Every structure is written in C-alpha cells, then in structure tokens.
C-alpha cells in the first residue's frame with residue numbers, strides 16, 4: 001500500500017494499458033510552459049530523446065502538488081547522467097491552470113511542461129481513464145508513469161491500481177538511470 | 001513533422017488575432033499557434049520577440065520578419081503571399 005494506510009482504499013479495475021517493450025500511443029495536445037502553449041505531439045518530444053510522461057490528477061488536487069514538488073526536488077532531467085531526458089505531465093486541467101501550476105510549483109526553470117487534455121482522450125487511448133466518484137461527468141487519467149526511449153518504446157510503466165496511489169519515485173529514478 | 005515557418009503569438013478569443021488567422025488560412029499558409037496570457041504584464045515571450053507585449057505578433061522565418069498589430073500583419077501577408085489583384089494597391 002503506497003501510503004502505508006491501515007485501511008483499504010479503492011481498488012481500480014484491470015486495465016489493458018500499454019506495457020514495457022511496447023510503443024506508446026502517439027497523441028497531440030496543447031503543451032504548456034510558463035510562457036505559452038502550443039500543439040505538440042508526443043513523437044515531437046521523443047524525436048529529441050527519451051521522455052518521462054506522467055499522468056496525474058487535476059491541477060490543484062494535492063497529489064499533483066506533491067508529485068511535482070518531489071520531481072522538482074529530485075531534479076529529474078537535470079542530473080549529470082540524465083542527458084536529454086524530457087519530463088512532461090498530463091492532466092485534464094486547462095492550459096490556464098497548467099500555467100499557474102508551472103509557476104506555483106517552481107518548475108519553469110526545469111522546463112517541466114504539461115499537456116492539457118480536458119476531454120481525457122489520451123487516457124482513453126492508454127486505457128487508464130478514471131471516472132471520479134462524486135464529480136458527475138468528470139473523468140481523468142488514473143495516476144500513471146511511462147518512461148519512453150527515443151523510439152517511443154516503453155522502458156518503464158506504472159499505472160495505479162488503487163485510488164489514490166503515488167508513483168514509486170525510487171523505481172522511476174532507477175529506470176531513468178538505466179536508460 | 002517539419003516546423004512551420006510562421007509562428008503566431010495569439011490570445012484566445014482575441015478578434016485581432018482571429019483576423020490574422022483568417023488571412024493565414026485564406027493564403028493556405030502553414031503556421032503554428034502559441035497562446036499567451038490574457039495578462040498583458042505576463043507576456044514576456046511576446047516582448048522578447050517583438051519588443052512589445054501586444055498580440056497578435058507574428059514571426060515569419062521565411063523572410064526574417066517579426067511584427068505586431070493585426071493591420072500591419074494582414075498588410076504584410078497580402079504583400080508577401082497574396083495575388084497582385086488582392087493587395088488592392090495597399091502599399
């Protein structure tokens with residue numbers, strides 16, 4: 001149990017998400033940095049080297065805040081051995097909210113950028129869509145991490161099977177180090 | 001995917017920006033859109049490329065031109081990419 005709680009949290013249903021060794025589905029969405037957003041394909045990013053793609057809950061929810069703080073503090077993409085790793089997130093939040101997140105989390109200098117996917121189509125493509133209980137009509141990705149090489153082949157995959165659940169940051173970091 | 005030569009810095013729902021978009025589409029030009037902040041004071045990227053914080057602003061790498069103001073941009077697009085008939089002696 002990721003958070004060490006002594007009670008059961010919600011189990012999520014099985015998914016048919018892409019696995020290690022498979023090529024990650026390509027998609028194009030607005031990609032937000034601290035100054036502007038622009039339609040960008042995942043394959044545009046992998047063309048420049050490996051990509052860490054993080055699906056997270058909507059901006060403003062605490063797991064998103066905690067996750068970006070953790071990644072920022074670990075300096076993924078900026079350690080000496082990271083070469084040209086690109087780190088991007090994705091949530092259903094709008095580009096305006098993403099800009100605020102980039103500023104509030106202090107990740108603009110790290111060039112961590114966020115894909116905006118309000119209709120949750122990418123999560124559906126990856127079979128990780130999650131209908132939120134108590135928020136009628138709202139679906140978002142379940143927390144997930146995909147580490148891709150320059151051919152978009154998945155080197156490490158993790159998809160939450162409980163809600164809520166956080167990535168195993170040490171495992172992700174080990175996978176980055178193995179690239 | 002090759003990068004388009006024209007980059008348009010725009011604001012969502014800005015009529016002056018839509019005016020430029022209509023012209024880009026009329027001439028079937030390949031362009032990329034970069035959406036910036038409603039807050040004028042936060043538009044540092046636009047200031048960096050054009051010297052001003054106003055949108056629309058356009059960069060055309062084919063000609064090395066950067067410009068602001070929709071009337072100027074439309075006029076430029078007519079002169080550079082339009083048929084002689086359509087410029088209407090705008091110069």
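Beyond 16 Å, what percent of the Cα pairs of chain B remain?
51 percent
Whole Å is fine, so just give me how far the alpha carbon centre of region A:95-149 lies from that of region B:23-60.
Rounded to whole Å, the Cα centres lie 26 Å apart.
Please state, to two decimals, what the Cα-based radius of gyration of the protein assembly as shown comes to when divided by 2.2 N^0.38 Å (N = residues).
Computed over Cα atoms of the protein assembly as shown, the ratio equals 1.15.
What does DSSP give for region A:1-149 in terms of the percent of beta bridges that are antiparallel, rounded to the nearest 5? Could you put the intermediate results ahead of the total?
Values: 15 of 24 bridges.
Here the antiparallel bridges make up roughly 60 percent for region A:1-149.
GNM on chain B, C-alpha springs below 10 Å: top fluctuator among B:41, B:50, B:68?
Highest fluctuation among the options: B:41.
What is the angle, in °, between the Cα long axis of helix B:15-26 and the longest principal axis of the Cα atoms in chain B? Nearest 10 is fine, range 0 to 90.
Helix B:15-26 sits at roughly 40 degrees to that axis.
What number do you get for region A:40-123 when its Cα radius of gyration is normalised by 2.2 N^0.38 Å, N = residues?
1.04
What shape does region B:1-47 have by the C-alpha gyration tensor, where a ≥ b ≥ c are the square roots of the eigenvalues, rounded means a/c under 1.5, and otherwise prolate means a/b greater than b/c and oblate the rest?
Oblate is the answer for region B:1-47, as a/c is 1.5 or above yet b/c matches or exceeds a/b.
State the antiparallel share, in %, of DSSP beta bridges confined to region B:1-64, rounding to the nearest 5.
So the antiparallel bridges amount to about 45 percent of the total.
Could you work out how far apart the two model spin labels at residue B:21 and residue B:79 are, taking each label as a point 7 Å from the Cα in the direction of the beta carbon, and quote it in nm?
Between residue B:21 and residue B:79, the simple spin-label model gives 2.6 nm.
Any idea what diffusion coefficient region A:21-177 gets from Stokes-Einstein, in µm²/s, Kirkwood Rh on alpha carbon pairs, 10 °C, 1.306 mPa s?
The estimated diffusion coefficient comes to 103 µm²/s.
Against the longest alpha carbon principal axis of chain B, how many degrees, from 0 to 90 and to the nearest 10, is the axis of helix B:70-81 turned?
40 degrees
Using alpha-carbon pairs under 8 Å, 6+ residues apart, how would you state the relative contact order of chain A in percent?
On the way: 344 pairs, mean separation 56.0, N = 179.
31 percent.
At R0 = 25 Å, how high is the FRET efficiency between residue A:80 and residue A:103 if r is their beta carbon distance? Nearest 0.05 is fine.
0.40
Take every DSSP beta bridge with both residues inside the protein assembly as shown and express the antiparallel ones as a percent of the total, to the nearest 5.
Numbers: 32 of 46 bridges.
Of the beta bridges lying entirely in the protein assembly as shown, close to 70 percent run antiparallel.
Here, each number is a calculation from the coordinates, and none is a lab measurement. This structure is a prediction, so every number in the text was calculated from the model and none was measured. Glycine gets a Cβ as well: all are built from the backbone with ideal geometry, and neighbour counts include every protein chain shown.
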